[in-house]
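These notes concern the structure reproduced below.
The values are calculated or read from the model by the stated rules, or taken from the named source; none is laboratory data. What you see is a predicted model, and the numbers here were worked out from it, not measured in a lab. Heads up, the Cβs are rebuilt from the backbone with ideal geometry, glycines too, and the neighbour counts pull from every protein chain shown. The protein model used for the area step is the full one, side chains on, heavy atoms only, and it has no ligands, DNA or RNA in it. Shrake-Rupley method; radii C 1.70, N 1.55, O 1.52, S 1.80 Å.
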Amino acid sequence: MEKRFDFTMWVYAHVNEFTPDEVDVWADCGMTVPMTPAVRHDNVGALTPYLERAEKRGIKLIANVTDVGYEEYMRLGEEEYRKRVEGIIDKIGHYKALYGLCVGDEPRGGEPIEAAYNCIRINKEIAPHLTPFLNYRGGTVDFSKDDLGGRTPGEWMKRVREETGIDVFTFDEYSQMVNDGGGKTIFFETVSTMIEMGKESGCDVWGCLLSSGHHVFAAPNETDIRWQINMSAALGLRGIMWFRFYDRVGANELVGSPIDEYGNKTEAYWAMLRCQRRFSDNYGEIMMKLKHKKTYAVKSDRGVFPEFTEGTHELIKSIKPDDEAIVSFFEDEDGVEYLCVVHALTKHYGVIRIAHDAEKCSLTEVRLNGKQCGKVGDDGDGEYYFLPAGLKLLRIDRK
């Protein structure tokens, strides 16, 4: 199977509240590595039918075993924690559909984040074929060296990769759903910093983004979901975890999730289904074959990215959007460059004009993961129409 841009989500409900049919709900929505309902270590056998169904659907599951997180490591100590993980792996570790165990969320600096590291290390020692899942705080980028054992955040992630073998990490960021415009700037700042940490450490990076409204964060509509997916991919993320998938009767300060508190699929479910499956069908495989090089902004740099201007690139002469756009350059294993362009606004359609040096290269728009390609702007000038928050991927073929 081709490596895919991954989609997953937080699930907090207990396994007794579901049946294995729920796997179809996740897979139909476009999840590739969904999280299971919650179980304790002495009840992981309840996940067996979920894993069997997931294998049939061609997806993997993050096992949400609630008492193997870093808090339990701190309480139990290494020896007892190791025995607990070994018992779980003995029961379900052989399933091809198991991605790995969830080992926690948002560890603070100091003892908690060191305990989280040890959870990852022990899980990989016991089951090197699995990938333990941990979600870091978005604010990890601001942790001091004292928080991280004398290391910078990038050095910390590099240490985790080199000493455990894990090659992916996840962090959360919800500011993009603060509807004052400034929240998106915070999103760009956090994600771009995390991407650089990923490059420094040699890890892929996932973002834990927002699908439920709460606090100062609005519940996203379909365009907001598309914006989060397309921007994430364009900036270099390799997967998305959604907070969260199910609303809860006892947590009515959070609303707008894909499944409401009464088990009904909301419009957010169908919006997420369309956005995730459209992205996966068009870009989910090809983007994983490309290496992120550099991101630029057009019309508004937000103080985060350099502005793309004439002379920035030797072959792309100009990019002129009606509104703000984000553009990134990627490269495949053969050294072929790709240009990824995202219309940055969510309120209306956009037109972006891209001029290239037709004597030195041609541009080919790529869709359906490379199965559908078409040359554009043979005279060097192309005009492209974008959905609100729409994405286009163009291959730069040198002559």
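A few notes on this one:
- Hits in the stretch 63-79 - residues which are under 24 Å from Tyr136 (Cα atoms) and without any contact (Cβ under 8 Å) to a residue 24 or more places away in the chain: Glu72, Arg75, Leu76, Gly77
Table: residues versus (1) surrounded by fewer than 21 Cβ atoms within 10 Å (Cβ to Cβ); (2) at pLDDT 95 or above; (3) of a type outside the set (Lys, Arg).
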residue	(1), (2), (3)
Gly202	yes, yes, yes
Leu210	no, yes, yes
His215	yes, no, yes
Ala218	yes, no, yes
Asp224	no, yes, yes
Trp227	no, yes, yes
Ala234	no, yes, yes
Leu237	no, yes, yes
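- Among residues of the stretch 164-220, those that are under 20 Å from Trp242 (Cα atoms) and touching a Pro at 6+ places or on another chain (Cβ under 7 Å), counted: 3
- Residue under evaluation Arg353, criteria (1) in contact with a Lys or Arg (Cβ under 6 Å, 6 or more places away or on another chain); (2) open to solvent by less than 30 Å² (accessible area, probe 1.4 Å), criterion not met: (2)
- The residues listed here are Val342, Val336; of these, the one that is surrounded by fewer than 15 Cβ atoms within 10 Å (Cβ to Cβ) and touching a strand residue (DSSP E or B) at 6+ places or on another chain (Cβ under 8 Å) is Val336.
- Criterion applied to Gly45, Gly30 was being under 28 Å from Arg238 (Cβ atoms), at pLDDT 95 or above and out of contact with any Pro (no Cβ under 9 Å at 6 or more places or on another chain), and the one residue passing it is Gly30.
- The set of residues in the stretch 141-154 being outside any loop (DSSP other than H, G, I, E, B) and more than 12 Å from Met194 (Cα to Cα) consists of Lys145, Asp146, Asp147, Leu148.
- Residue check, Ile354 over 24 Å from the mean Cα position of the chain (by Cα) and of a type in the set (Val, Ile, Thr): yes
- Residues of the stretch 207-233 classified as of a type in the set (Gly, Ala, Ser) and in contact with a Phe, Trp or Tyr (Cβ under 9 Å, 6 or more places away or on another chain), total: 5
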